[in-house]
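Novice: For reference, the structure I am asking about is given below.
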Amino acid sequence: MDHKRAAQDILKQLGADNIVAAAHCATRLRLVIKDESKIDQQALDNNPAVKGTFRVNGQYQIIIGPGDVDKVYAHLIALTGLKEATPDDLKKVGKKANPFLALIKVLSDIFVPLIPALVAGGLLMALNNVLVSQDLFGPQSLVEMYPGINGLAEMINTFASAPFAFLPILLGFSATRRFGGNPYLGATMGMIMVMPALVNGYNVSATLAAGKMIYWNIFGWNIAQAGYQGQVLPVLAVAFILAGVEKWLHKRMPATLDFIFTPMISIIFTAFITFAFVGPVLRIVGDGLTNGIVTLYDASGAVGSTIFGLVYSPIVITGLHQSFPAIETQLLANIAKTGGDFFFPIASMANAAQGAATLAVFFLSKNAKEKGLATSSGVSALLGITEPAIFGVNLKRRYPFIAGMIGSAVGCLVVGIFGIRSSALGAAGIIGFISIPVKFYAPFFLAIALSIIIAFSGTLIYGKRFVKATEQDIPTAEPDTDTIMTDAVNDGVIVAPVAGTITNLKNVNDQVFASEMMGKGAAIIPSDNHVYAPVTGVVTAAYPTMHAYGLQAEDGAEVLIHLEIDTVKLNGDHFSSNVKPGDHVSAGDLLGTMDVAAIEKAGYDTTVMVVVTNTPSFASVDCINDETVSQNDAIIALTATIAANPIAINV
């Protein structure tokens, strides 16, 4: 890459004197822009140095990639005369975050880590429904036809109920960690709130109405021994209070007493006000909110579901959909009363419709870059992840996005007519039927088929008949004519740079990595503070903030190790580094360290991403491990596409 020319092109495409401040992290330029209407978005999209763009928290971010972004940034600073800045500096310059959007971000941070557990429980519930539902395989259920599997059905039902029955424990852990407290104390509070000695949370209303509630009598003050199964709001409030009390005590308790007495005092104080004040009030608020939402949805019927389906994708653009898991969790936790989650089938229609519209763009476009993005992001959207499709393709042409909205609305009309609800969370897309009760299968398939057909055909017909050729045939950006020599890639294996638990890269809480814009790879929830080289090769990037490393492997793989999410803002706090760019390392050599506990306490997601940034150079990049790994365990397999000898390429 010609870094100076890339900086010149980006500056021209952003607009002269249009940058207020600029910083960078391991993968992207982070900019505060005066007037975003002056940005030539089409030219940026076709810039070969740019892997993608997006807006977040008042910043316009341009994805360049590790090993290149710092060089492009240096030239950009030289061209503009701006002072070098950090991401924290940009927060002071940029617009202040909307408090409502900040709340949505908090809810997202709390609930997204819980989704795998809730999905597992929900899908087990769906499996149980298959075993016990009548009229699925005949007039009798499978359990009735084959009594020998009755015990299996009961066992699966027990497994399925666990995440919802003990939801306060999961929620207490996640929420307390997000608020900066000890997550294990949060889990302890969750356990206290669902103790078997308490009246079960699902029976509290009936027990009170029957006058059979039991109480603790404290100096004549009666406090109800009521549990909080199926509750969300009380647990969130309790986690916030617990974290605040704990942090307050840490600052004031002498070091010799802190370790022993801070946890005890935090728990007893928080537990007391939970049962005496906070819990009862927020139980009423939570139940009222749930009942209100269900009543409103039921009253609006098919009209309401159609409107919701029409606006769901625009809601995704704003990020407000990140708050939905909080509501969905409450609906599913009280499924006997609510009937299930009506957000999920609507999301499935919207996601499938946007994916279909994106795939139609593949047949319309003559731009190689856009066609490739349309294929990958379109399939991703059909399976439930729509951001790459919406931001990368549909919004740029506008009419595919609108066609997707219309397709979604028609599908959601069917959803409303038949009252489709899900019994679990899952992948909201064409495979969403797994989370839907068997009785809704036929209308669900009809609804999703209509969403796809209308969005795809609408995009294709409008694009061919009404869009000018100059708009559909965006030329592919001309490559630089300078030719360089590079080595072809070879088959290889990447080992774990940190010990911990493997998780899917697509599930990480960062859009750039989750959408695989930077390339394919794996993510690890670390259990150790040491960071080792995952390949033998050369260090191409070792940032002053010490939160990321780039390596060029001997087999040709370009590997990015990104330690935690958004930790560039820590400016090197809690990190150390043993290497510098140009150093040769062997797989297993120590690159540096990180204080995982301190980083987590500071409120950051500690997931470590390992990404092959030149993924297109390989036939396949596959995560080959989904378990707990030790440093040096193989996690990624690389399959080469070309012979292992030097070739000439244009850049």
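The values are calculated or read from the model by the stated rules, or taken from the named source; none is laboratory data. In this text, all values refer to a predicted model and were calculated from it rather than measured experimentally. Neighbour counts run over all protein chains shown; Cβ positions are idealised from the backbone, glycine included.
Novice: Which of the numbered conditions does residue 384 fail, given that it passes all the others? Conditions: (1) outside any helix (DSSP H, G or I); (2) surrounded by fewer than 19 Cβ atoms within 10 Å (Cβ to Cβ).
Specialist: Here residue 384 meets the rest and fails (2).
Novice: All but one of (1) free of Cβ contacts under 8 Å to residues at least 12 places away in the same chain; (2) surrounded by 14 or more Cβ atoms within 10 Å (Cβ to Cβ) hold for residue 295; state the number of the condition that does not hold.
Specialist: Only one criterion is unmet by residue 295, namely (2).
Each row is one residue, and each column tells you yes or no for (1) at pLDDT below 75; (2) more than 25 Å from residue 388 (Cα to Cα); (3) surrounded by fewer than 18 Cβ atoms within 10 Å (Cβ to Cβ).
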position: 42; (1), (2), (3): no, no, yes
position: 46; (1), (2), (3): no, no, no
position: 55; (1), (2), (3): yes, no, yes
position: 68; (1), (2), (3): no, no, no
position: 76; (1), (2), (3): no, yes, no
position: 79; (1), (2), (3): no, yes, yes
position: 93; (1), (2), (3): yes, yes, yes
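Novice: Right, another one. Within segment 199-208, is even one residue more than 18 Å from residue 287 (Cβ to Cβ) and either at pLDDT below 90 or part of a helix (DSSP H, G or I) (or both)? It would help to see each step written out before you state the result.
Specialist: Initial filter on segment 199-208 (more than 18 Å from residue 287 (Cβ to Cβ)): none.
There is no residue in segment 199-208 that is more than 18 Å from residue 287 (Cβ to Cβ) and either at pLDDT below 90 or part of a helix (DSSP H, G or I) (or both).
Novice: Is it true that residue 628 is within 24 Å of the chain's Cα centre (by Cα) and either modelled with pLDDT of 85 or more or on the phi < 0 side of the Ramachandran plot (or both)? Step through it out loud before you land on a result.
Specialist: On the way: within 24 Å of the chain's Cα centre (by Cα): yes; either modelled with pLDDT of 85 or more or on the phi < 0 side of the Ramachandran plot (or both): yes.
For residue 628, the condition - within 24 Å of the chain's Cα centre (by Cα) and either modelled with pLDDT of 85 or more or on the phi < 0 side of the Ramachandran plot (or both) - is met.
Novice: Within segment 28-52, can you find the residues that are polar (S, T, N, Q) and in contact with a helix residue (DSSP H, G or I) (Cβ under 6 Å, 6 or more places away or on another chain)?
Specialist: Restricting attention to segment 28-52, the residues satisfying the condition of being polar (S, T, N, Q) are 37, 41-42, 46-47.
47, the sole residue that qualifies.
Novice: Does segment 129-145 contain at least one residue that is assigned by TED's automatic domain parsing to the domain that holds residue 180 and closer than 27 Å to residue 603 by Cβ?
Specialist: Start the filter on segment 129-145 by keeping residues that are assigned by TED's automatic domain parsing to the domain that holds residue 180, which leaves 129-145.
Adding the requirement that they be closer than 27 Å to residue 603 by Cβ leaves none.
Within segment 129-145, not a single residue is assigned by TED's automatic domain parsing to the domain that holds residue 180 and closer than 27 Å to residue 603 by Cβ.
Novice: What residue, among those in segment 521-544 that are crowded, with 20+ Cβ neighbours inside 10 Å and not hydrophobic (A, V, I, L, M, F, W, C), is farthest from residue 609 (Cα to Cα)?
Specialist: Once the filter is applied, the top-ranked residue is 537.
Novice: Same structure again: Restricting the search to segment 209-243, which residues are part of a strand (DSSP E or B) and either under 38 Å from the mean Cα position of the chain (by Cα) or among the charged types (D, E, K, R) (or both)?
Specialist: Just the residues of segment 209-243 that are part of a strand (DSSP E or B), to begin with: 215-218, 221-224, 226.
Of everything in segment 209-243, just one residue is part of a strand (DSSP E or B) and either under 38 Å from the mean Cα position of the chain (by Cα) or among the charged types (D, E, K, R) (or both), namely 226.
Novice: So, in segment 1-18, how many residues would count as being crowded, with 20+ Cβ neighbours inside 10 Å, under 27 Å from residue 567 (Cα atoms) and touching a helix residue (DSSP H, G or I) at 6+ places or on another chain (Cβ under 6 Å)?
Specialist: Total satisfying the criteria: 2.
Novice: Can you tell me which condition residue 272 does not meet? The list is (1) surrounded by 15 or more Cβ atoms within 10 Å (Cβ to Cβ); (2) touching a strand residue (DSSP E or B) at 6+ places or on another chain (Cβ under 9 Å); (3) not basic (Lys, Arg), and all the others hold.
Specialist: Just one mismatch for residue 272, condition (1).
Novice: Continuing with the same structure: List pairs: first residue in segment 59-78 and farther than 16 Å from residue 21 by Cβ, second residue in a helix (DSSP H, G or I) and modelled with pLDDT under 85 anywhere in the structure, Cβ distance under 8 angstrom, at least six positions apart or on different chains.
Specialist: 63/512
Novice: What is the number of the single condition among (1) free of Cβ contacts under 8 Å to residues at least 24 places away in the same chain; (2) crowded, with 18+ Cβ neighbours inside 10 Å; (3) not polar (S, T, N, Q) that residue 619 does not meet?
Specialist: Condition not satisfied by residue 619: (2).
Novice: Still on this structure: May I ask you to say which residue of 190, 181 is touching a helix residue (DSSP H, G or I) at 6+ places or on another chain (Cβ under 7 Å), crowded, with 23+ Cβ neighbours inside 10 Å and not in a helix (DSSP H, G or I)?
Specialist: Step by step, each of 190, 181 is checked, and only 181 is touching a helix residue (DSSP H, G or I) at 6+ places or on another chain (Cβ under 7 Å), crowded, with 23+ Cβ neighbours inside 10 Å and not in a helix (DSSP H, G or I).
Novice: Same structure, new question: Restricting to segment 494-508, name every residue that is part of a strand (DSSP E or B) and either in contact with a Pro (Cβ under 7 Å, 6 or more places away or on another chain) or over 18 Å from residue 527 (Cβ atoms) (or both). Spell out how you get there, then give the answer.
Specialist: First, the residues of segment 494-508 that are part of a strand (DSSP E or B): 494-495, 500-503.
Passing the criteria: 494, 495, 500.
Novice: State the number of residues belonging to segment 244-256 that are surrounded by 11 or more Cβ atoms within 10 Å (Cβ to Cβ) and in a helix (DSSP H, G or I).
Specialist: Going through segment 244-256 one residue at a time, the tally reaches 7.
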